[in-house]
Amino acid sequence: MRALQLPGDYEEIAGLLNQIWSEPTTAERLLEEDQKLYEVGHTWLNDEGLLVGYDRERQVAVDENGMLVGFARSWRAPWTEPGYLNNTVVVDRAVRQKGVGQLLLTHVVKWANSVGADSLLAEVWDDDADALRFAEKRGFAVERHMFQSVLNLDVSEPVTPISAVDEIPGIRWLTLADELGEESERKLYQLSAETMKDIPGFMGSAPDFAEWCKWYLKCDGFAPERVLIAADGDRYVGMANLALNMQTKGIYNEYTCVDRITGTGALPWH
C-alpha cells in the first residue's frame, strides 16, 4: 500500500477504473479532473455533529513488481450530504479475492473515522456477484437500485424516431452555442439547481455556480452545441446536456430537466 505518485500513476489507475466504469477514462482525463479540485481539503463537524466541508483521500495497492493492482479513493464535495463520504474501491480482476480489497477498504474506513464521517457511499454493478458479496460481507446494504439505459444507434439497426411535435406555442429551441455567455450559463444553473431536488434519491445540495460549471455543465465531453435548451421567451424551461466520449463515440446524457412551470414535464426533445 502506498500514496499516489502522480502523474506517473494516472495511466495504471485509468486501466483499473476502466475495468468497472461503463465509459472509459484516460490518464489525461484524470489529470484534468484533479486540476479542477481544490488544492487543500477542509472538513469539520456542524452543529448536528455531522461531517461537512470537502476533502479526499487516495491510496493504491502494488504488487511485488511495483505494478498497481488496486485503487481506492474517498471524498466529499462541499455540497455532499452532511455525514457522508463517496467512495471507489477497485481491484484488478486478476488478483481479486486475495485481500487487496480488504486492505484498501480498511484504509478508507480508518480515514473516514479520522475525519468523523457517519456513512460511506459506493456503487457496485448488480451482475458482479463477487463485488456484491464483498460489499455485503463488510456491512454495506443496498440503498437503491439504478438502471442504465443504452440506445444503440448502429446504422445496421435503424431506430424508429420518436414522434414529436416540432412546435409548441411560445417555446423556442436552441443550444448553448446559440446564446453563449455567463448570462445563459447562469440561467441553466438556476434551472438545474431547482430541478436537482426532484431526482429520486437526491442527496446533499446544489453546488455553487462556479463548481456547477466545472463538474456538471462543462464535464468531460462538453460542447455548447450539445447543450439543448427549450426557452419560453428569455426564460430557460428545459435542458439536456449531452457529453461525447470520443473513445467509444458514445453520447452520455449528463442531465435532463424541465421546469415544473411548463406543466407536463415532457418537452419533445429531438
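Per-structure values
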quantity: Any chance Glu136 is open to solvent by 40 Å² or more (accessible area, probe 1.4 Å) and within 30 Å of Trp212 (Cα to Cα); calculated: no
quantity: Top-ranked residue of region 25-40 - restricted to ones that are open to solvent by less than 30 Å² (accessible area, probe 1.4 Å) and not acidic (Asp, Glu), ranked as farthest from the chain's Cα centre (by Cα); calculated: Ala27
quantity: Qualifying positions in region 238-250 - in a strand (DSSP E or B) and touching a residue at least 24 places away in the same chain (Cβ under 8 Å); calculated: Gly238, Met239, Ala240, Asn241, Ala243, Asn245, Gly250
quantity: Any hit, region 118-129, residues being of a type outside the set (Lys, Arg), farther than 28 Å from Phe202 by Cα and without any contact (Cβ under 8 Å) to a residue 40 or more places away in the chain; calculated: no
quantity: Extreme residue, farthest from Lys98 (Cα to Cα), among residues of region 55-74 that are touching a residue at least 12 places away in the same chain (Cβ under 8 Å) and open to solvent by 60 Å² or more (accessible area, probe 1.4 Å); calculated: Arg56
quantity: Condition check for Ala77: touching a residue at least 24 places away in the same chain (Cβ under 8 Å), small (Gly, Ala, Ser) and buried (at least 20 other Cβ atoms within 10 Å of the Cβ); calculated: no
quantity: Residues satisfying the stated conditions in region 215-234, i.e. in a loop (DSSP other than H, G, I, E, B) and either at pLDDT below 95 or under 12 Å from the mean Cα position of the chain (by Cα) (or both); calculated: Lys218, Cys219, Asp220, Gly221, Phe222, Gly233, Asp234
quantity: Hits in region 197-237 (condition: touching a residue at least 60 places away in the same chain (Cβ under 8 Å), among the aliphatic types (A, V, I, L, M), open to solvent by 30 Å² or more (accessible area, probe 1.4 Å) and over 21 Å from Tyr38 (Cα atoms)); calculated: Met203
quantity: Residue satisfying all of: in region 41-52; out of contact with any helix residue (DSSP H, G or I) (no Cβ under 8 Å at 6 or more places or on another chain), at pLDDT 95 or above and not acidic (Asp, Glu); most open to solvent (accessible area, probe 1.4 Å) among these; calculated: Trp44
quantity: Checklist (1) surrounded by 14 or more Cβ atoms within 10 Å (Cβ to Cβ); (2) within 23 Å of Arg29 (Cβ to Cβ); (3) at pLDDT below 95 applied to Met246, failing item; calculated: (1)
quantity: Unmet criterion (only one of (1) under 20 Å from the mean Cα position of the chain (by Cα); (2) surrounded by 12 or more Cβ atoms within 10 Å (Cβ to Cβ); (3) of a type outside the set (Lys, Arg)) for Ser149; calculated: (2)
quantity: Residues that are part of a helix (DSSP H, G or I) and either surrounded by 14 or more Cβ atoms within 10 Å (Cβ to Cβ) or modelled with pLDDT under 95 (or both), drawn from region 107-126; calculated: His107, Val108, Val109, Trp111, Ala112, Val115
quantity: Condition check for Arg76: within 30 Å of Trp212 (Cβ to Cβ), basic (Lys, Arg) and touching an Asp or Glu at 6+ places or on another chain (Cβ under 8 Å); calculated: yes
quantity: When residues of region 166-213 are limited to those that are closer than 17 Å to Asp259 by Cβ and part of a loop (DSSP other than H, G, I, E, B), the one modelled with the lowest pLDDT; calculated: Ile168
quantity: Failed item in (1) modelled with pLDDT under 95; (2) open to solvent by 50 Å² or more (accessible area, probe 1.4 Å), with Tyr84 passing the rest; calculated: (1)
quantity: So Asn46, is it in contact with a strand residue (DSSP E or B) (Cβ under 7 Å, 6 or more places away or on another chain) and not aliphatic (A, V, I, L, M); calculated: yes
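The values are calculated or read from the model by the stated rules, or taken from the named source; none is laboratory data. The structure displayed is predicted, hence computed values, not measured ones. Cβ: placed from backbone, ideal geometry, glycine included. Neighbour counts: every protein chain shown. The accessibility values were calculated without ligands, DNA or RNA, using every heavy atom of the protein model including side chains. Shrake-Rupley method; radii C 1.70, N 1.55, O 1.52, S 1.80 Å.
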